[in-house]
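Enquirer: Would you mind keeping the following structure in view while I ask a few things?
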Amino acid sequence: MKPKMVVFGEDWGRHPSSSQHLIRELSAHFEVVWINSIGLRQPRWQDAARLVSKGVARAPKRCQAPFEVIAPRVWPLAQSSWLQRLNHRQMQRALADVGPVDFVWCALPSAEAYLDLFPGARVIYYCGDDFGGLCGVDHEPVLQAEQRLLQRAEWVFCASEVLARRFDHPAVSVVRHGVDMRLFSHSRPRPKALPKGPVLGYYGSLAPWLDYGLLDTLTTVLPECQLVLIGDNHSCPGALLAKPNVHHLGRLPHDQLAAYAQHFDVALLPFLQTPQIAACDPLKLREYLAAGVPVVGTDFDAARDYACGVQLATTREEFVAMVLMSLISRPSVAEIRMQVLGQGWGDRADQIRGKLQSGRCRLQASTRFTA
């Protein structure tokens with residue numbers, strides 16, 4: 001019988017996070033129950049539509065998720081005692097049919113508030129972001145919850161060395177992000193939506209941590225190049241989107257991104273220098289490499305491990321020069337892809353399983369406790 005794992009993550013299927021990739025792989029070895037997002041900030045007026053949608057949302061059908069998904073109706077990051085008690089009762093009702101649990105995977109520090117619903121279960125903290133620098137988070141209460149979670153966690157898995165250095169914990173391990181090699185390396189035809197000419201591409205949320213001034217300079221200095229942006233727009237200035245060599249394609253399903261990435265002439269990582277970026281290990285970096293495309297980015301720690309086809313700039317002038325160099329002379333697709341061989345999500349999941357199985361914490365000997 002598989003050990004049972006309850007996972008506190010973001011909303012299943014909303015975007016392909018590292019937790020979703022890892023848990024999908026781990027579900028071959030665990031009976032998984034996924035709990036949709038319980039939030040990392042107090043709701044604001046602009047969140048009203050999302051709160052309503054979550055309030056009426058149902059869990060994905062089983063054909064959309066490989067395991068049970070629960071969408072609890074709780075107030076995000078509740079601070080008042082009465083709301084906390086209400087949340088606790090709501091979560092207890094949502095978990096009524098889950099049964100005995102062996103492991104609790106916490107990708108959100110706010111999950112700490114519900115750990116007492118799983119007496120004796122072993123706690124895993126999976127830290128994929130610096131919650132003290134992450135945009136859209138109520139930093140102080142989240143960091144306080146993170147400290148309480150660290151005291152309960154038996155294992156801490158961090159997505160980068162920078163994150164791991166933040167924690168004084170006896171069982172901290174770095175588990176870098178992986179990549180779906182089959183999806184991104186399988187040759188695909190050029191999408192019709194891509195413009196003619198050299199394509200400089202980026203996909204992901206057009207968020208506050210992108211350097212839009214840098215992109216404006218790039219499109220001005222290289223007017224013959226076409227900047228393609230794929231993702232929801234949260235912060236990109238209208239003046240940049242209005243330029244004739246800038247093309248915003250909006251958000252696309254994750255399984256379509258490989259076709260676009262493979263036909264970028266240069267893939268971009270135009271990040272601002274922030275604590276969030278310093279600690280990040282962006283999934284798209286390995287996806288670009290698996291697609292066999294040269295990458296030009298601003299300098300951040302996680303990208304320094306890759307030398308072939310990855311250039312990191314510290315100034316706007318360097319960034320533009322590196323894009324030109326990548327257009328003129330680029331390594332072979334095979335050389336670029338070779339750097340991420342053995343870095344699939346299955347490999348990362350095996351790394352985690354090895355930690356869980358080591359020493360006295362073998363899965364075969366785990367004892368179930370009732371939720």
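The values are calculated or read from the model by the stated rules, or taken from the named source; none is laboratory data. No experiment lies behind these values; they were computed from the predicted model shown. Glycine gets a Cβ as well: all are built from the backbone with ideal geometry, and neighbour counts include every protein chain shown. We work out accessible area using only protein heavy atoms, side chains counted, and drop any ligands, DNA or RNA first. Shrake-Rupley method; radii C 1.70, N 1.55, O 1.52, S 1.80 Å.
Enquirer: Kindly evaluate VAL246 against the criterion of being farther than 25 Å from SER18 by Cα and open to solvent by less than 20 Å² (accessible area, probe 1.4 Å). Before the answer, list the steps.
Expert: Working: farther than 25 Å from SER18 by Cα: yes; open to solvent by less than 20 Å² (accessible area, probe 1.4 Å): yes.
So VAL246 passes the test.
Enquirer: Sort out for me the helices (runs of 4 or more DSSP H) sitting completely within region 140-222 that have 3 or more residues that are within 20 Å of LEU241 (Cα to Cα).
Expert: Working: elements: 161-164, 181-185, 212-221.
Where helices (runs of 4 or more DSSP H) fall fully within region 140-222 and carry at least 3 residues being within 20 Å of LEU241 (Cα to Cα), they are 212-221.
Enquirer: With respect to LEU222, determine if the residue is of a type outside the set (S, T, N, Q) and buried (at least 18 other Cβ atoms within 10 Å of the Cβ). It would help to see each step written out before you state the result.
Expert: On the way: of a type outside the set (S, T, N, Q): yes; buried (at least 18 other Cβ atoms within 10 Å of the Cβ): no.
Answer is no for this residue.
Enquirer: Please indicate, with yes or no, whether at least one residue in region 259-275 is in contact (Cβ under 8 Å) with a residue 60 or more places away in the chain, over 22 Å from GLN311 (Cα atoms) and of a type in the set (A, V, I, L, M, F, W, C). Don't jump to the end; show me each part of the working.
Expert: Keep residues of region 259-275 that are in contact (Cβ under 8 Å) with a residue 60 or more places away in the chain, which gives 259-272, 274-275.
Pick out the ones that are also over 22 Å from GLN311 (Cα atoms) and you get 259.
When the remaining residues are screened for being of a type in the set (A, V, I, L, M, F, W, C), the result is 259.
Yes, region 259-275 contains a residue that is in contact (Cβ under 8 Å) with a residue 60 or more places away in the chain, over 22 Å from GLN311 (Cα atoms) and of a type in the set (A, V, I, L, M, F, W, C).
Enquirer: Another question, if that's okay. So, in region 318-338, how many residues would count as being modelled with pLDDT under 95 and in contact with a Leu (Cβ under 8 Å, 6 or more places away or on another chain)?
Expert: Total meeting the criteria: 0.
Enquirer: Something else now. Is there any pair with a first residue in region 125-149 that is exposed (fewer than 15 other Cβ atoms within 10 Å of the Cβ) and a second that is outside any loop (DSSP other than H, G, I, E, B) whose Cβ atoms are under 6 Å apart and which are 6 or more apart or on different chains, and what are they?
Expert: Going by the 6 Å Cβ cut-off, the qualifying pairs are ARG148/GLU112.
Enquirer: How many of the residues making up region 13-33 are open to solvent by 10 Å² or more (accessible area, probe 1.4 Å), at pLDDT 95 or above and part of a loop (DSSP other than H, G, I, E, B)?
Expert: 3
Enquirer: Filter region 171-205 down to the residues that are open to solvent by less than 20 Å² (accessible area, probe 1.4 Å) and either hydroxyl-bearing (Ser, Thr, Tyr) or at pLDDT below 95 (or both) and list them by number.
Expert: Within region 171-205, SER173, TYR202, TYR203 qualify.
Enquirer: Can you report the number of residues in region 272-287 which are over 17 Å from VAL137 (Cβ atoms) and in a helix (DSSP H, G or I)?
Expert: 5
Enquirer: Look through ALA321, ALA302, ALA313 and report the one residue that is of a type in the set (Gly, Ala, Ser), under 21 Å from the mean Cα position of the chain (by Cα) and surrounded by 15 or more Cβ atoms within 10 Å (Cβ to Cβ).
Expert: Details: ALA321 fails: under 21 Å from the mean Cα position of the chain (by Cα); ALA313 fails: under 21 Å from the mean Cα position of the chain (by Cα).
Sole residue among the options that is of a type in the set (Gly, Ala, Ser), under 21 Å from the mean Cα position of the chain (by Cα) and surrounded by 15 or more Cβ atoms within 10 Å (Cβ to Cβ): ALA302.
Enquirer: On the basis of being more than 20 Å from the chain's Cα centre (by Cα), within 14 Å of TRP105 (Cα to Cα), modelled with pLDDT of 95 or more and open to solvent by 30 Å² or more (accessible area, probe 1.4 Å), does GLU68 make the cut? Walk me through it before giving the result.
Expert: Values: more than 20 Å from the chain's Cα centre (by Cα): yes; within 14 Å of TRP105 (Cα to Cα): no; modelled with pLDDT of 95 or more: yes; open to solvent by 30 Å² or more (accessible area, probe 1.4 Å): yes.
Answer is no for this residue.
Enquirer: Could you list, ordered by first residue, the pairs with Cβ atoms under 7 Å in which the first is in region 1-19 and within 21 Å of ASP180 (Cα to Cα) and the second is acidic (Asp, Glu), at least 6 apart or interchain?
Expert: Note: pairs meeting the criteria are SER17/GLU10.
Enquirer: Being assigned to a strand (DSSP E or B), modelled with pLDDT of 95 or more and surrounded by 15 or more Cβ atoms within 10 Å (Cβ to Cβ) narrows it down to one of ALA267, ALA258, so name that one. Break it down stepwise before answering.
Expert: Working: ALA258 fails: assigned to a strand (DSSP E or B).
ALA267 is the lone residue from the list that is assigned to a strand (DSSP E or B), modelled with pLDDT of 95 or more and surrounded by 15 or more Cβ atoms within 10 Å (Cβ to Cβ).
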